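Trainee: Let me give you the structure first, and then I'll get to my questions.
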Amino acid sequence: MTFRPLPVIVFRKGLFISAFFSTFAANYYKIMKLTKTILSLVLLVVAMQVMARESRIIVKAGDAGSLLSAIGQANQQNADPQSERVFIIIPDGLYDLGERALTPIQGYNIALVGQSMEKTIIKNAPPVEKEGIGTTATLLNRGKGTYVQDLTLQNALDYYHAGSAGRAVCWQDKGDRTIFKRVRMLSYQDTYYSHSEECQHYFEDSEIHGTVDFICGAGDVFFNRCLIVTEDHNPDGTGLDIIVAPRTSTTCWGYVFKGCTIRSKRSDYYLARGWHTLPRCTWIDTRIENPEKLCKERFDPRGMRTVESLFYEYNTTDAQGRGITPQSNVVTFTLKGQQRSHETILPKEELWRFSVEQMFSNWRPEKITKKLSQQAEKLKKEAFR
């Protein structure tokens, strides 16, 4: 095919335009290739926009079935470890799962975002005869990179009529690197259970309620600016509460509480007791609203399955900000005739070891939380306009 040059067009005022198609012919295939590239880029942008819309699943308000369907969809959609994050947006409402327990979250990078911590409530109520740390959880996480924000988890097992044990878990975590931002957990015994031995998890501005061992398990978990509420051990307020029961085994920090507040109802309580293996727990800059409810040893000296307990506190204050940390508090931990004594007041020069940066040297959950919370707020504004 040949191209003839167009004739010169002369206008009355002497202006002319010469269109010469020979140059076009010489570059025809280059132009077509460039056109295809541009079209491909346009299609890619459109596809990315569609994918972005698909990464948000909106639950029908107050519909437990819709919530379960959304979790199932996210599990299936994010079965690959390289999956982009999917946000499940949950409007205010009560999502009553009835007696259902162990609802699984097992995909990668799944986010559950409620409209508000106080009014978005996911609740189950297992029968008393099925009580147990491994049988009652409202939600069971097996995924990695799970993010939870602005909602309440409630396990409404009838604790006061459960007999000698009323284990009712809100969140059982068999996954890794879970982050909680403004999440409230309501139960009594074993409320939060970090199951995996080498897990890493992070709480920020959250709230956990309970009576006995209501923060329990393994791995390294950092609690940043959280509210810890001890409920009445018995209906009349008698009995003794224990906040933490770690069973740290292969990790170096266990549970670290930084800048948290403890609020107690009527029962006295211990900060922690050892579950088994080598339990580790540290309280730093803790504000205690009712310090008279804290038992004098502060940590329960009676181990459950181990005499070893590496427990510390630093800079504990009362509600008015006055220091109530003793200069020294040597606790003798006992179990079946064995004894181990150690100082539980953390020296100031050791404080640096318990920062979030030291605890998670290859993971920065506080930075991830900031980024994801901003994304979640944007998605909520779009969903709840």
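The values are calculated or read from the model by the stated rules, or taken from the named source; none is laboratory data. Predicted, not measured: the structure shown is a model, and the values here were computed from it. Virtual Cβ from ideal backbone geometry, glycine too; neighbours counted across all protein chains shown. What goes into the accessible areas is simple: the full protein's heavy atoms, side chains included, and nothing from ligands, DNA or RNA. Shrake-Rupley method; radii C 1.70, N 1.55, O 1.52, S 1.80 Å.
Trainee: Which of the GluC sites (Glu not before Pro) across region 96-168 are loop residues per DSSP, with 16 or fewer other Cβ within 10 Å?
Mentor: Those that pass, being in a loop and sparsely packed, are Glu99, Glu118.
Trainee: Grab the Cα-Cα distance for Cys252 and Glu382, subtract it from 0.36 nm times how many residues apart they are, and report the gain in nm with one decimal.
Mentor: 42.6 nm
Trainee: Just report the Cα centroid separation between region 99-139 and region 281-336, whole Å.
Mentor: 31
Trainee: Right, here's the next one. Taking the simple approach of a point 7 Å from Cα along Cα-to-Cβ for both Asn290 and Thr135, what is their distance in nm?
Mentor: In this crude label model, Asn290 to Thr135 measures out at 3.2 nm.
Trainee: Enter the angle in degrees (range 0 to 90, nearest 10) between the Cα long axis of helix 64-77 and the first principal axis of the Cα atoms of the chain, meaning the one along which they spread out most.
Mentor: Helix 64-77 and the main axis of the chain meet at about 60 degrees.
Trainee: Report the local net charge at Ile284: Lys and Arg +1, Asp and Glu -1, summed over other residues whose C-beta lies under 9 Å from its C-beta.
Mentor: That works out to -1.
Trainee: Please say if region 144-194 is rounded, prolate or oblate, where rounded means a/c under 1.5 for a ≥ b ≥ c the square roots of the C-alpha gyration tensor eigenvalues, and otherwise the choice is prolate for a/b larger than b/c and oblate otherwise?
Mentor: oblate
Trainee: Hey, what angle do you get for helix 28-54 against the long axis of the chain, alpha-carbon based, 0 to 90 degrees rounded to 10?
Mentor: 30
Trainee: Through the Karplus equation 6.51 cos²θ - 1.76 cosθ + 1.60, θ set to phi - 60°, convert the phi angles of region 376-385 into ³J(HN,Hα) values in whole Hz; use x for Gly and Pro.
Mentor: These are the phi-based 3J(HN,Hα) values: 4, 5, 5, 5, 5, 4, 5, 6, 10, 5 Hz.
Trainee: Using a 1.4 angstrom probe on heavy atoms only, work out the carbon and sulfur share of the accessible area of the chain in %.
Mentor: About 53 percent, which is the carbon plus sulfur part of the accessible surface.
Trainee: Under 10 °C and 1.306 mPa s, how fast does the chain diffuse according to Stokes-Einstein, given a Kirkwood radius computed over C-alpha pairs? Answer in µm²/s, whole number.
Mentor: Approximately 68 µm²/s, per Stokes-Einstein.
Trainee: Still on this structure, I have one more. Before I look further, what does the chain give for accessible area per residue, probe 1.4 Å, in whole square angstrom?
Mentor: Here the per-residue accessible area is 50 Å².
Trainee: What list of ³J(HN,Hα) values in whole Hz, one per residue of region 347-353 in order, does the Karplus curve 6.51 cos²θ - 1.76 cosθ + 1.60 (θ = phi - 60°) give from phi, with Gly and Pro shown as x?
Mentor: Once θ is set to phi - 60°, the couplings for region 347-353 become x, 4, 5, 9, 4, 4, 5 Hz.
Trainee: Moving on to the next point. Grab the eigenvalues of the alpha-carbon gyration tensor for region 50-129, scale each by 5, take roots, and send me the semi-axes largest first in whole angstrom.
Mentor: Three semi-axes, in Å: 23, 16, 9.
Trainee: Follow-up question, since we're still on this one. State which entries of Lys265/Lys380; Lys181/Lys381; Lys130/Lys336; Lys144/Lys380 exceed 27 angstrom in Cα-Cα distance in the structure shown.
Mentor: Lys265/Lys380; Lys130/Lys336
Trainee: For region 298-344, state which trypsin sites (Lys or Arg not before Pro) are in a DSSP loop and have at most 14 other beta carbons lying within 10 Å of their beta carbon.
Mentor: Arg305, Arg322, Lys336
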